[in-house]
Structures are given as C-alpha cells and as structure tokens.
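> For reference, the structure I am asking about is given below.
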Amino acid sequence: MTMATMLLTASCGQQNKENEADLPLIGPADMVIPDGKMTPEVLYSMARVSDARLSPDGGKVLYGVSYTNIAQNRGNRELFTVNIDGTDKKQITQTPQGEQNAVWIENGKRIAFLSAEGGSSQIWVMNADGSGRKQVSNYEKAIEGFLLSPDETKVAFISQVKYGERTQDIYPDLPKASGRIVDDLMYKHWDEWVETIPHTFWATIDLNGSMGTATDLLEGEPYEAPMKPFGGISDLAWSPDGKQIAYVSRKKTGLEYAVSTNSDIYICTVENGKTYNLTEGMMGYDTHPVFSPDGTKIAWLSMERDGYESDKNRLFIANLSTGEKTYLTADFDYNADAILWHPNSQAIGFIGAIQGTNHLFGINIDTKEIRQITSGQYDYVGFDSAGGNIVALRQSMEKPTEVYAINTANGDATEISFDNKPVLDKLAIGKSEPRWVKTTDGKDMLVWVIYPPNFDPNKKYPALLYCQGGPQSMVSQYWSFRWNFQIMAANDYIIVAPNRRGLPGFGQEWLEQISGDYGGQNMKDYFSAIDNVAKEPYVDETRLGAVGASYGGFSVFWLAGNHNKRFKTFIAHAGIFNMEQQYLETEEMWFANWDMGGPYWDKSNTVAQRTFANSPHRFVDRWDTPIMVTIGEKDYRILASQGMSAFNAAKLRGIPAEMLIYPDENHWILQPQNGVLFQRRFFNWLDKWLK
C-alpha cells in the first residue's frame with residue numbers, strides 16, 4: 001500500500017500519444033554546468049522521483065523516475081528498484097510509453113503496472129527485473145489507475161464514462177456542429193469541457209492470463225468516483241477479504257455539485273452491488289479510505305463543513321461492526337494526509353503539515369497519542385511501510401524529491417535513490433533559512449528566506465517577495481519545477497517567502513483568517529515580511545519585486561495598487577484581477593461562496609461587499625509600476641480574461657507591461673518548452689527592472 005505523492009512535482013509535461021513506439025527513449029540528461037548555475041534547461045532536465053513502494057518483505061523499493069526532453073517537448077517515466085539499504089539499484093524499464101501505477105505482486109516476485117504500449121493505457125505485468133512483459137487487461141477504454149485485491153484475484157480500476165448529451169446526440173444530422181448546448185453548471189472543470197467523468201469498475205483478474213468482464217460500481221449514475229480534478233487511486237480501497245470496495249464520490253450534479261464539497265465514502269459489496277454510505281451526515285470532504293489490516297475498521301480523511309475546501313483535514317476511523325466513528329486528531333491543530341495502518345491495526349501513520357514543513361507522524365487509535373517521527377527542514381510527500389521498514393519521499397527548497405529509508409525509532413532518514421546527485425554535484429545551491437517576523441497585529445509569522453549561491457553579505461542584492469497561491473497552501477519545504485526558489489536564487493535574487501495569514505501548518509485560526517478577508521490582513525503580512533528583510537544591509541530596498549500565481553497572482557495585482565512604491569516590478573500568473581468577474585467565471589462555486597463570502601449582488605452581505613470592494617481592478621488608478629502577466633487559455637479555474645484585463649489596464653494607464661499567453665496551457669504550465677519559455681521571460685523581465 002502506498003501513500004499520496006505531491007501532484008506539484010509529478011507532472012512531466014504533456015505527452016504526444018501519436019506513434020509513441022517510434023519516439024526516441026528519454027533518460028537522464030548529461031548536463032554540462034560549468035559555472036554551477038541553475039538554468040531553465042538544467043531545472044527541466046532534473047529527475048522527478050515519485051511513488052515509492054516497498055516489496056512485501058520490506059527489503060526492496062520500487063519507484064518511478066520521470067525524465068524530460070526539452071527538444072522533444074515531452075516527458076517519460078521509467079521504473080527502478082533498489083534495496084532498502086541503497087544497494088543494487090537497477091533501472092528495470094526502458095520504453096518510450098512510460099510506466100505508471102506500478103505495484104509489487106506475487107509476494108514481490110513480479111510487478112503490475114499501467115502502460116500504453118498496446119495503444120491505450122492497460123494493466124501489464126512483468127518480472128521483478130523487468131523481463132517478461134505481458135499485457136493482462138484489454139478494456140475498451142483507457143485505464144487510469146488500478147488497485148488489486150489483497151489476494152490478487154480481483155482488480156478495481158478507474159476509467160472514463162460518457163457524461164451528458166452531445167449536440168450530435170440531439171441533432172444527429174449536424175455531425176460537424178461545434179456548438180455545445182449547456183443547461184446547468186459544472187459544464188467546465190479545471191481545463192476541460194465536462195463530457196466524461198471517472199467511474200470505478202471491478203473485475204476478476206488472472207495475472208498470468210487476462211482480466212474478466214468489468215462491472216461499473218456506479219452503473220447508470222452520473223457521478224464522479226473518484227472526483228475530478230485530483231481524485232485518484234488513493235480514493236479506492238479493498239477490504240482485506242476482497243469482498244468490498246470503498247470508494248469516494250460526491251453524488252451531485254450541476255448546480256448542486258458546483259456549490260457543495262460534500263463527498264462521502266461508499267462501501268460496496270462487489271458480488272451483489274449492495275452499497276451503503278459510511279459517512280452519511282458528515283457534510284464536508286470525506287476522502288482517502290483505508291481498511292485496517294484486520295478488517296474491523298476503516299480510516300479516512302474528513303473535513304467538517306460543506307463548501308469549505310480548505311477546512312481542517314481530520315483523521316477519522318469507524319468500527320465496521322457497530323458503525324461507531326472516532327475523531328482521532330481532535331487535539332492536533334494541523335492537517336493530516338496520506339494515512340497508512342500499522343500491521344497490528346492499533347496505530348496509523350500519516351503526514352502532517354506543521355510549521356512550514358510536512359513530516360511523518362504516528363497515532364495510537366486507543367489513546368489518541370500522537371508521535372512525530374521525522375523532523376528537520378524538509379517535506380515528506382509520500383511514504384510506504386512493509387516488513388517492518390518504512391520508505392519515504394522527501395524534498396526541500398534545496399533538493400528535489402528522492403527516496404529515503406526511515407528509522408522509526410529516531411526519525412533518521414537515509415537517502416537510497418540519488419537520482420539527482422549527478423546534477424546536484426555540479427550545481428551551486430542557495431541556502432534557505434527560517435525567519436520569524438512580527439505581523440502588524442503582533443503575531444509571529446514564519447518567513448522562508450532563500451539566498452543566492454555563494455551569498456556575500458557584503459554585497460547588495462535585489463529581492464523578490466514570493467506570494468503563495470492556494471490561497472490556503474502552506475509555503476513548506478517543497479521543490480517546484482516552475483516556481484523554483486533555487487533558480488531565482490541562482491539569478492542573484494534573495495527570495496522572501498512568507499507563510500502569511502490563510503496558510504495551514506500554523507493552527508486553524510491562522511488558516512481560516514483569510515476567508516472573507518481577501519486584500520486584508522494577509523496583505524499586511526506580505527508587507528511585514530518584505531519590510532523586515534529589506535532592512536538587511538545585503539538587500540537593496542530600491543530593487544524589490546513581487547511575483548506569484550493564482551491567489552499569488554491576485555496578491556500581485558492587489559499589491560500593484562497598494563504597495564506605496566515599495567516594489568519596482570511585478571509578475572502575476574493566472575491571477576484574479578476582477579473579483580466580480582471571477583465570481584461568475586469560475587467553475588467551483590463553493591470556493592467563491594466561501595472565500596469571497598457570497599455573491600456581489602447581495603448588498604446586505606457585509607463580508608461579500610468587503611471582498612468585492614478590495615478587488616484589484618478597483619485600484620488600477622494607483623498603478624505606477626511595470627508588470628508582467630502570464631496566462632493559459634485552457635485555464636477554466638481563473639479564466640485568461642482576468643490576465644488580459646490586467647494587461648490591458650496597464651497598457652491603457654501607460655505602464656510598461658508584457659503578457660505571455662499560452663493557448664494550450666491551463667492553470668499551470670506543463671509542457672517543457674513552454675516552461676523554459678516562462679523562465680526565460682520571467683528573468684528577462686525581472687533583470688530589466690531590478691538590475
């Protein structure tokens with residue numbers, strides 16, 4: 001059983017599915033870095049390590065590494081094995097199609113995985129050394145993820161089903177008509193027009209033969225299971241006896257779906273389809289079910305309030321005989337994630353977000369006593385346990401993800417993968433350090449400060465205020481392949497990255513303050529952070545910039561009209577510019593209702609009226625600073641019109657401005673050459689105004 005891996009670092013670019021078998025293989029780049037400087041090409045050529053799984057005896061680790069080829073404008077993922085002590089590391093696949101969702105089978109003798117080698121993504125098996133590849137499933141559509149039953153005779157898998165009527169269904173005589181007929185909300189989501197939705201299926205499977213006929217657990221139901229856009233195989237679980245599947249679904253459509261976060265855990269007996277709702281009456285997000293090894297209990301993650309997607313992620317268990325539910329982390333004022341049962345069914349491991357880091361914790365289900373297992377200036381982003389051993393994925397602002405073996409007695413971590421060592425050995429890395437800054441209301445705020453490599457305190461450097469997105473996502477010790485602090489530092493900038501109001505890891509009060517207060521205290525926190533660091537003798541306070549994406553982009557637009565000449569330039573990606581426009585343009589209305597306080601036309605709603613009065617577009621008359629805007633036209637979360645409006649406003653005001661617009665990117669920039677282009681224009685703009 002494996003735990004969640006950060007989506008932030010998993011993407012390796014969109015792959016061209018045409019003639020993949022004829023594409024050149026992609027492997028680690030042989031980078032020449034004579035001056036030790038991080039460049040866009042170096043950053044995109046680094047290995048992306050993910051999904052570490054221990055063999056059943058705990059002696060060997062199976063994990064994936066994604067490589068990017070900028071010239072081919074695509075990525076590919078290969079599989080590796082290594083002993084728990086770091087010896088005998090082997091690359092066991094080398095294909096242009098890539099391998100996903102790899103798991104040990106037959107007590108570690110073989111591996112099952114997904115591959116598109118046969119034309120669409122299907123289940124394959126191979127020996128533990130990579131030999132003897134054989135396709136097992138031949139399902140009519142692509143399989144997006146799978147989970148074998150404990151006895152490996154059944155499989156649950158995810159595949160898309162048709163949702164709603166197409167124009168051609170209504171008017172078959174108009175086969176070339178491109179118009180979409182829409183009569184309800186959630187017609188678009190994230191980066192797609194919603195014409196298919198994921199369903200969970202199960203089938204018998206012979207890992208030496210083929211997969212049987214599949215049964216849709218939601219046959220005829222127009223609901224997602226798992227949920228878009230980020231739900232996956234971690235939202236499915238087999239009972240130890242292989243008779244039941246737990247799955248996550250929000251059984252709502254249209255307007256009802258658009259305004260609610262109330263998902264539930266459903267448990268289905270596969271042989272007869274009998275299903276019940278485990279979390280009936282629990283009104284927030286319920287996700288990530290995991291049965292206890294003895295089959296008597298089930299654990300899951302639960303948010304309390306409907307409509308609040310950033311509510312505290314609480315750890316719950318239920319007794320499957322009595323139905324009694326227990327809230328385990330009531331005294332833990334932080335989020336829990338990535339849960340894993342101890343083999344004795346008396347304890348649960350999880351990842352907790354705390355004080356700007358993510359670490360491994362364990363909790364006794366009887367006493368509710370919590371023990372922090374790991375510590376230090378790192379983020380743990382996934383872990384697995386077997387045979388008495390624990391393996392984890394760890395990253396930091398100074399180092400991308402690698403695989404580590406964890407000593408549970410003292411929390412020591414020993415690296416065993418070293419996939420980025422060849423590049424890191426050639427790079428000069430800047431130091432990141434924590435700084436506690438007093439806010440305007442007298443509270444202590446953690447601010448990460450990242451220094452250029454070979455930092456000289458006798459020099460003066462330009463500095464960048466990094467504005468976090470989310471808006472409720474902790475500025476932790478993460479490694480990003482786009483908003484990367486090391487590449488900013490390598491270009492001789494000091495980065496100031498505050499954990500301003502509204503971020504997890506500092507208690508629920510700190511997290512929740514931002515809701516209904518856009519443009520309020522969190523903006524004052526930004527000023528507190530940059531003003532504090534700008535006083536240092538090595539910072540040139542006349543050369544300050546502010547950058548950010550999503551809510552960070554909103555922050556940049558807001559700061560542009562309220563910064564009192566602190567900054568010399570701004571860069572905003574995918575930011576909200578006009579709050580009234582955003583309220584009606586976005587697709588997940590629960591987010592807009594909760595964070596903005598409600599619709600702008602409700603004049604009696606003081607919270608909503610304060611939100612819309614603080615919309616960045618209302619302060620354009622004060623804009624006086626050069627600004628760069630970047631956007632993707634496939635972004636249906638924050639439409640490209642927001643960035644275009646901001647750019648147009650700047651030009652009409654006579655302010656120097658540049659816009660970088662991608663017709664084929666969404667809220668993120670995923671394609672390698674587009675990513676390199678982003679970095680080149682990013683530093684071209686900053687250097688122009690700050691150097």
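The values are calculated or read from the model by the stated rules, or taken from the named source; none is laboratory data. No experiment lies behind these values; they were computed from the predicted model shown. Quick reminder, even Gly has a Cβ in these numbers, built from the backbone with ideal geometry, and neighbours come from all protein chains shown. Protein only, heavy atoms only, side chains kept; ligands, DNA and RNA dropped before computing areas. Shrake-Rupley method; radii C 1.70, N 1.55, O 1.52, S 1.80 Å.
> Express in Å², to the nearest 10, the accessible area of residue 159 obtained by rolling a 1.4 Å probe over the protein heavy atoms while all chains stay in place.
0
> Just to confirm the filter: which trypsin sites (Lys or Arg not before Pro) across segment 215-293 are DSSP coil and have at most 10 other Cβ within 10 angstrom of their Cβ?
274
> What do you get for trypsin sites (Lys or Arg not before Pro) in segment 494-556 restricted to DSSP loop and a cutoff of at most 10 other Cβ within 10 Å of the site's Cβ?
The qualifying sites are 535.
> Compute the separation of the alpha-carbon centres of segment 576-639 and segment 427-488 and state it in Å as a whole number.
So the two Cα centres are separated by 27 Å.
> Would you kindly derive the ³J(HN,Hα) couplings of segment 206-221 from the backbone phi angles with the Karplus curve 6.51 cos²θ - 1.76 cosθ + 1.60 (θ = phi - 60°), listing them in order in whole Hz, with x for Gly and Pro?
10, 5, 9, x, 8, 9, x, 5, 8, 10, 7, 5, 10, 3, x, 9
> A follow-up question, please. Fully extended, how many nm does the chain gain between residue 196 and residue 35 (0.36 nm per residue separation, minus their Cα-Cα distance)?
53.0 nm
> Ranking request for peptides 561-568, 373-380: highest mean number of other beta-carbon atoms within 10 Å first, then the rest in descending order.
Descending packing order for the listed peptides: 373-380, 561-568.
> Cut-off under 26 Å on the C-alpha distance; same-chain residues fewer than 8 positions from residue 141 excluded. Which lysines are left, in chain and number order?
17, 154, 162, 176, 188, 228, 243, 251, 252, 274, 634
> Find the accessible area per residue for the chain; the probe is 1.4 Å, ligands and nucleic acids are left out, and the unit is Å².
Computed with neighbouring chains in place, this is 38 Å² per residue.
> Let me cross-check residue 667: its accessible surface, 1.4 Å probe, with only protein heavy atoms counted, in Å² to the nearest 10?
10
> Ordering 461, 223 by accessible area with a probe of 1.4 Å, largest first, what comes out?
223, 461
> At most 14 other C-beta atoms within 10 Å and a DSSP loop state: those are the exposed GluC sites (Glu not before Pro) I care about. Give me the longest piece of the chain that has none.
Of all site-free stretches, the longest is 370-691.
> How many percent of the accessible area of the chain is carbon or sulfur, using a 1.4 Å probe?
Carbon with sulfur: 49 percent of the solvent-accessible area.
> Under the rule a/c < 1.5 gives rounded, and otherwise a/b versus b/c splits prolate from oblate, where does the chain land using the Cα gyration tensor?
rounded
> Rounded, prolate or oblate: pick one for segment 47-102, where a ≥ b ≥ c are the square roots of the eigenvalues of its C-alpha gyration tensor, a/c under 1.5 means rounded, and failing that, prolate if a/b is larger than b/c, else oblate.
prolate
> Whole number please: convex hull volume per residue of the Cα set in segment 242-365, in Å³?
Cα-based convex hull of segment 242-365, divided per residue, equals 111 Å³.
> Tell me the mean residue ellipticity at 222 nm calculated for the chain from its helices only (DSSP H runs of n ≥ 4, each -39500 (n - 2.57), averaged over every residue, nearest 500).
So the calculated ellipticity at 222 nm is -4500 deg cm²/dmol.
> Then there is this: With a point put 7 Å past each Cα toward its Cβ, work out how far residue 562 is from residue 508 in nm, to one decimal.
2.7
> Once both labels are modelled 7 Å past Cα along the beta-carbon direction, what's the residue 333-residue 165 spacing in nm?
Rounded to a tenth, the inter-label distance reads 5.5 nm.
> If the viscosity is 1.002 mPa s and the temperature 20 °C, what Stokes-Einstein diffusion coefficient in µm²/s follows for segment 508-565 when Rh is the Kirkwood radius over Cα pairs?
Taking Rh from Cα pairs, D becomes 170 µm²/s.
> For a test of understanding, tell me how many lysine pairs in segment 332-482 have Cα atoms under 21 Å apart, given they are 8 or more places apart or on different chains.
Lysine pair count for segment 332-482: 6.
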